[in-house]
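Below: one structure, written as structure tokens.
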Amino acid sequence: QTSLKDRLAELIPAAQSRVKEVRAEHGQKAFGPVLVDQLYGGMRGLPALIWEGSVLDPEEGIRFRGKTIPDIQAELPKAPGGDEPLPEGLFWLLVTGEIPTQDQVTALSKDWAARAEIPAFVEEIIDRCPPTLHPMSQFSLAVTALNHDSAFAAAYAKGINKKEYWGPVFEDSMDLIAKLPNIAGRIYRNVYGRGKLPAVDLNKDYSANLATLLGFGDNATFVELMRLYITIHSDHEGGNVSAHTGKLVGSALSDPFLAFAASLNGLAGPLHGLANQEVLVWLTKMQQSLGPDAEDDHVKEYVWSTLKAGQVVPGYGHAVLRKTDPRYVAQRAFALKHLPDDKLFKLVAQVYKLVPDILLAAGKAKNPWPNVDAHSGALLTHYGLREMQFYTVLFGVSRAFGVAAQLIWDRALGAPLERPKSYSTEAIARMFKDR
Ligand code: NMX
Ligand code: MLT
């Protein structure tokens, strides 16, 4: 059977020609004007990047290589007896644009399990971190340190031909993804005193191993949750902070470990991936303040008090989406199926009923609907993974899939160093003075 790397090698020449064709035909066409406001406004809507794995539609949400979340839930291979897609299949799809066979996905599970071990010095780095250091900082440190064994950095130092960059970047990307469960598991067990890390099982899929390393491998529904979680958090086109940062840093030919560590540092911000932690902190405080089974009016007051204190409602709003995030919908469907009576899920659902109208009435947020982070923590809490400071680490494990797939393609397609133009306020004032 064809391996992922062999299939990629087959696909690259045609993809290179396609880029040439598209550039020859459309290279000199304009998307439209660039407004000064876009420079001041976080570049919203500014077409600026090529990202092959997924495209985000404001109304419909994410499509991975043209496929919606319900599509991939229906089409990607599943574990025996499982209902959720295997993230191995999603990675194959992101990289090739094709749905893999069950055997190809099993081969990827085995390959990742075989690459899962992390160097002893990286284990030591994690073990030496004080438990008070945020899990995301520990995660980023460990991923940076993996650069010690980068195949790409070694090949570059030896003088590799540009045309061959993608090969060692592929190997690094596979190693990166494979090693993340051991890093995440070690951080979790160290910080929360959850005992010794077991070994990765060479015959288990990625999510089953991740669940076991975290200490929840005996719970088949938690393993299913991990399969769904890792699949849906993987990629959200190229402009989000973690994806864009990884691509930017990779464009300097920093290897995938350095590039993805930079992604993680962006993901660790509260307006991005840390929002899943913030949601749980916020919901827990609300429960403490209002007690269980709070009435709608009290929840509304609580939401208003958050806004009046000049804070955001975590898990709501989005820079691109203008509807409920389909990743939220997928998690809600999981909750309705597996934990319909869970108290925290009920609060999440109550907040969903109330918050959009309040954000609309407040009149600032362009999107009053929930994003992916509004739901994930409640699911993890249900299964006993209650340590909210750890939640963004799981987001990070997943985001590696999307960033790695693009790093491979960036090198295969010869993406250049990113270097956009910046201006000072005075330069802009001068430039547009008489226009
Ligand atoms: N609660 C309160 N105010 C909000 C919210 C919210 N959830 N969302 C947007 N606003 C405000 C925003 O702060 C801004 O205020 P100001 O004019 O005073 O600066 C105003 O509404 C306009 O912002 P938008 O254009 O709607 O949003 P923007 O594209 O700038 O930011 C987010 C997008 C996601 C940063 C923003 O919606 C937010 O802060 N949400 C809460 C944090 C969150 O859930 N982040 C996770 C996003 C998903 N992820 O995983 O990365
Ligand atoms: C993401 O998954 O990266 C977030 O939804 C943020 C974004 O897309 O901007």
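The values are calculated or read from the model by the stated rules, or taken from the named source; none is laboratory data. Just so it is clear, the structure is predicted and the values come from calculations on it, not from any experiment. Cβ: placed from backbone, ideal geometry, glycine included. Neighbour counts: every protein chain shown. The protein model used for the area step is the full one, side chains on, heavy atoms only, and it has no ligands, DNA or RNA in it. Shrake-Rupley method; radii C 1.70, N 1.55, O 1.52, S 1.80 Å.
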inquiry  = From Cα pairs below 8 angstrom and at least 6 apart in sequence, can you work out the relative contact order of the chain, rounded to a whole percent?
reply    = 21 percent
note = Mean accessible area per residue over segment 160-270 (1.4 angstrom probe, all protein chains present, square angstrom) is 32 Å²
remark   = Here the averaged projected area of segment 34-138, based on the convex hull of its alpha-carbon atoms and given in nm², is 11.3 nm²
remark   = Taking a probe of 1.4 Å and leaving out DNA, RNA and ligands, segment 294-435 shows per residue an accessible area in Å² of 47 Å²
ask   = How big is the charge dipole of the chain about its Cα centre, in debye rounded to the nearest 20, if each Lys and Arg gets +1 on its Cβ and each Asp and Glu gets -1 on its Cβ?
value = 1020 debye
key: P(r) tail fraction, segment 229-329 - alpha-carbon pairs more than 23 Å apart, %   = 41 percent
query = Tally Lys and Arg at +1 and Asp and Glu at -1 over the other residues with C-beta under 13 Å from the C-beta of residue 353: what net charge comes out?
reply = -1
query = Can you pull the Rg over Rh of segment 64-214, Cα-only, Kirkwood?
reply = 1.01
Cα-Cα over 31 Å, subset of 162/421; 163/323; 247/353 = 163/323; 247/353
inquiry  = Can you give the local net charge around residue 248? Use residues other than it whose beta-carbon is closer than 13 angstrom to its beta-carbon, Lys and Arg +1, Asp and Glu -1.
reply    = 0
task = Please compute P(r) over all alpha-carbon pairs of segment 366-435, binned at 10 Å starting from zero, and give each bin as a whole-number percent.
result = 14, 22, 20, 25, 14, 4, 0
key: Relative contact order (%) - segment 161-254, alpha-carbon pairs under 8 angstrom, separation at least six   = 17 percent
ask   = What lysines could a cross-link reach from residue 204, if we take a straight Cα to Cα line under 27 Å and drop same-chain neighbours fewer than 8 places away?
value = 5, 67, 78, 110, 179, 196, 337
query = What order, most packed first, do the peptides 40-48, 18-26, 213-221 have when packing is the mean number of other Cβ atoms within 10 Å of each residue?
reply = 213-221, 40-48, 18-26
note = Taking alpha-carbon centroids only, segment 299-343 lies from segment 17-87 a number of Å equal to 24 Å
key: Solvent-accessible heavy-atom area per residue, rounded to whole Å², over segment 45-152 at 1.4 Å   = 43 Å²
query = So for the pair residue 357, residue 25, with labels modelled 7 Å out along Cα→Cβ, what separation do we get in nm?
reply = 4.9 nm
Alpha-carbon Debye profile of the chain, log10 I(q)/I(0) at 0.07, 0.08, 0.12 Å⁻¹ = -0.35, -0.46, -1.04
inquiry  = Taking all protein chains in place and a 1.4 Å probe, what share, in percent, of the accessible surface of the chain do carbon and sulfur account for?
reply    = 54 percent
ask   = When the Kirkwood radius is taken over all Cα pairs of segment 296-435, what Stokes-Einstein diffusion coefficient follows at 4 °C and 1.567 mPa s, in µm²/s?
value = 70 µm²/s
ask   = What percent do you get for the relative contact order of segment 88-216 when only Cα pairs under 8 Å and 6+ apart count?
value = 34 percent
task = Would you mind pulling out the separation of the Cα centroids of segment 123-147 and segment 386-433, in Å?
result = 22 Å
